Amino acid sequence: MARYNDAVCRLCRREGVKLFLKGDRCFTEKCAIERRTYPPGMHGQGRSKTSEYGTQLREKQKAKRYYGLLESQFRKYYEMAVRAPGQTGENLLAYCESRLDNVAYRLGFAMSRPEARQLVTHGHFLVNGRKVNIPSFLVKPGMVITLRDKSKSLEKFKQSLEANAFRQPPKWLDFDRDNATAKVIGVPQKEDIDLPVEEHLIVELYSK
């Protein structure tokens, strides 16, 4: 599957907001967007006016890159959001938030979403007692996510949980840190998402 393999800090600079793609580096003064707040490229400092389409596109790209999704994946979630009851934009973000790799990141098992995706692929997580190695797996209320017994003793997870102790899981996840177990108790809401994105602009873009 195609993936972006260039410097991810350029993505944050292009969108003008931290996408937390480099783990703990994003919380330090070494973060690229802290040092260079303008977009990358030789014309980065000269860009000023943006069209309506350009504004909508930037919101879509911001959300896609935040969750590490391909265009086909993001478009699929949009189509699912259109069919679901409620606000399409909020439904779209809820689907993205419900991905297993995002849940693993939210719980503090990984320092970044790319790392969480890799950990899921390597089969470290169980959902309702069964191994799931598909990062795009969508969790639902009532499901229980936990580390495999063999994975709980790995130093990697101990260090990640300790380093991310300051990060509070969203309200829709009930997390038992001592036992590395979480239960989905609700559906992700807009206020649970820390990315400053105007989802209605994404809907307007796809609706054209």
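The values are calculated or read from the model by the stated rules, or taken from the named source; none is laboratory data. These numbers were taken from a predicted model, which means no experiment stands behind them. Every residue, glycine as well, gets a Cβ built from its backbone with ideal geometry; the counts of neighbours run over all protein chains shown.
Okay, residues lined up against (1) at pLDDT below 95; (2) in contact with a strand residue (DSSP E or B) (Cβ under 9 Å, 6 or more places away or on another chain); (3) closer than 15 Å to Met143 by Cβ:
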site	(1), (2), (3)
Glu79	no, no, no
Val82	no, no, no
Asn91	no, no, no
Cys96	no, no, no
Arg99	no, yes, yes
Asn102	no, no, yes
Met111	yes, no, no
Pro114	yes, no, no
Phe125	no, yes, yes
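Does Val120 satisfy the condition of being under 22 Å from Glu199 (Cβ atoms), among the β-branched types (Val, Ile, Thr) and within 14 Å of the chain's Cα centre (by Cα)?
Values: under 22 Å from Glu199 (Cβ atoms): no; among the β-branched types (Val, Ile, Thr): yes; within 14 Å of the chain's Cα centre (by Cα): yes.
Considered against the rule, which asks whether it is under 22 Å from Glu199 (Cβ atoms), among the β-branched types (Val, Ile, Thr) and within 14 Å of the chain's Cα centre (by Cα), Val120 comes out as no.
For the stretch 64-90, name all the residues that are among the small types (Gly, Ala, Ser) and closer than 18 Å to Val103 by Cβ.
Gly68 - this is the single residue of the stretch 64-90 that is among the small types (Gly, Ala, Ser) and closer than 18 Å to Val103 by Cβ.
For the stretch 138-177, which positions are aromatic (Phe, Trp, Tyr), modelled with pLDDT under 95 and in contact with a helix residue (DSSP H, G or I) (Cβ under 8 Å, 6 or more places away or on another chain)?
The one that is aromatic (Phe, Trp, Tyr), modelled with pLDDT under 95 and in contact with a helix residue (DSSP H, G or I) (Cβ under 8 Å, 6 or more places away or on another chain): Phe157.
Of Phe157, Phe166, which residue is touching a residue at least 40 places away in the same chain (Cβ under 8 Å) and either more than 17 Å from the chain's Cα centre (by Cα) or assigned to a strand (DSSP E or B) (or both)?
So the residue among Phe157, Phe166 that is touching a residue at least 40 places away in the same chain (Cβ under 8 Å) and either more than 17 Å from the chain's Cα centre (by Cα) or assigned to a strand (DSSP E or B) (or both) is Phe157.
Here's a check for you: in the stretch 192-208, which residue that is at pLDDT below 90 and surrounded by fewer than 17 Cβ atoms within 10 Å (Cβ to Cβ) is nearest to the chain's Cα centre (by Cα)?
Filtering the stretch 192-208 for residues that are at pLDDT below 90 and surrounded by fewer than 17 Cβ atoms within 10 Å (Cβ to Cβ), the one nearest to the chain's Cα centre (by Cα) comes out as Asp194.
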